[in-house]
1. Sort out which residues of segment 167-193 are assigned to a helix (DSSP H, G or I) and either surrounded by 24 or more Cβ atoms within 10 Å (Cβ to Cβ) or in contact with a strand residue (DSSP E or B) (Cβ under 7 Å, 6 or more places away or on another chain) (or both), and write them in order of number.
2. Determine which single condition residue 56 fails, assuming it passes every other condition in (1) in contact with a strand residue (DSSP E or B) (Cβ under 7 Å, 6 or more places away or on another chain); (2) modelled with pLDDT of 90 or more.
3. Of the residues 138, 61, only one is crowded, with 17+ Cβ neighbours inside 10 Å, touching a helix residue (DSSP H, G or I) at 6+ places or on another chain (Cβ under 9 Å) and assigned to a loop (DSSP other than H, G, I, E, B); which?
4. Could you list, in sequence order, all residues of segment 74-92 that are free of Cβ contacts under 8 Å to residues at least 40 places away in the same chain and surrounded by fewer than 15 Cβ atoms within 10 Å (Cβ to Cβ)?
5. I'd like to verify a number: residues in segment 34-58 that are outside any loop (DSSP other than H, G, I, E, B) and in contact (Cβ under 8 Å) with a residue 60 or more places away in the chain, how many?
6. State whether the residues of segment 367-390 include one that is assigned to a loop (DSSP other than H, G, I, E, B) and at pLDDT 65 or above.
7. Select from segment 233-276 the residues that are over 19 Å from residue 159 (Cα atoms), out of contact with any helix residue (DSSP H, G or I) (no Cβ under 6 Å at 6 or more places or on another chain) and at pLDDT 90 or above and list them in ascending order.
């Protein structure tokens, strides 16, 4: 009996020791960078202070677990919220203290919102008040944190650069932009990120909790929608890395949506800030159900047609070569030529522009395609200047291709441009006059037969 009791006591002691070791605490560092102007100050303060409040009010974090650094001591209505100003020394001190305090079994959350800038080919720097901390220093500071589980949220331009240097097993890295996107603040990444934790529509699997993957999908969708609503080219693309391969991804899906499951996103899908204290707000009411046999009205059919055409064109344009001319454009061109005005309609002009189109397509790596097309009718000698074309470009960086350059004569002949007549590598006259050595160059040609 004594022997049995001894064995039981030993087993209990081992179990208690295991429970003690497996316990982990969350430690959070929030950094709001230098704003520069009030609109950014308000945005940075809103995102960082709301994230602080979310952790405490909704997920039960103790304020002692959170270190909050900001441009100043923050809102006077919330004294004591900010621990110190976001200057070089306080940031270094915060990292040093956390490195000493955090154990491998703990979890580290880093939330950085602000500006980042670069000069020439230098590495970007997250902007602080006063002297900045270099990218290399941040890499070292974060890697020195001993926590095996880390959530790193970077909401500033060029933030995707950090992924390849910080990626590791157990780390979830969410960035507001790709490595080369220097304008990643327009859509309000910080607030959009915080909003996702209290948005019912972000709960894609309807389990009542918001995972980091669901947050990423919500941020990605709202960022895209913001640019579409404003009709501007999207200049920031959120990315996620959580598999340690150093390659961040976007356009991910949940496991429910993907049969194979995405490589990136697997860890984020089962990672949460903690257990919610309250239920998510009810989602907005859905649209009234329409019976299957109900016929759409004529206006609804027209609206659907316009949307389908627009989506087809947008999707097609990004996938087709940049010398592509859509059927709609081709019809417009032919109509413009057929209805070209005569000299009598423009007695004081030497030429008239019949049709012109300019398209700019930028991807997440800031590579761009600039396409311009123009049809001109030349009436007389005074309009011949429009037959001379100069195209600026940067030597060694830009690739300029002429896809269509032709002249239609009054008798119906079509004269194609001889590419051997194109002159390249011309130094801009203004640079020559100023005695400057520049990489800017000009490509020049005259339309044939004019």
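1. If we filter segment 167-193 for residues that are assigned to a helix (DSSP H, G or I), which is where we start, we get 189-193.
Result: 189, 190, 193.
2. (1) is the only condition that residue 56 fails.
3. Working: 138 fails: assigned to a loop (DSSP other than H, G, I, E, B).
On inspection, the qualifying residue turns out to be 61.
4. At the first step, the residues of segment 74-92 found to be free of Cβ contacts under 8 Å to residues at least 40 places away in the same chain are 74-84, 89-90.
75, 76, 77, 78, 79, 80, 89, listed by residue number.
5. Quick first cut of segment 34-58, residues outside any loop (DSSP other than H, G, I, E, B) only: 38-57.
Pick out the ones that are also in contact (Cβ under 8 Å) with a residue 60 or more places away in the chain and you get 40, 43-44, 46-48, 50-51, 54-55, 57.
Of the residues in segment 34-58, 11 are outside any loop (DSSP other than H, G, I, E, B) and in contact (Cβ under 8 Å) with a residue 60 or more places away in the chain.
6. Looking only at segment 367-390, we keep the residues that are assigned to a loop (DSSP other than H, G, I, E, B), and these are 367, 379-380.
Going one step further and asking which of them are at pLDDT 65 or above, we end up with 379-380.
Scanning segment 367-390 turns up at least one residue that is assigned to a loop (DSSP other than H, G, I, E, B) and at pLDDT 65 or above.
7. Correct list: 266, 267, 270, 272, 273, 274, 275, 276.
The values are calculated or read from the model by the stated rules, or taken from the named source; none is laboratory data. Because the structure is predicted, anything quoted here is derived from the model rather than measured. Cβ: placed from backbone, ideal geometry, glycine included. Neighbour counts: every protein chain shown.
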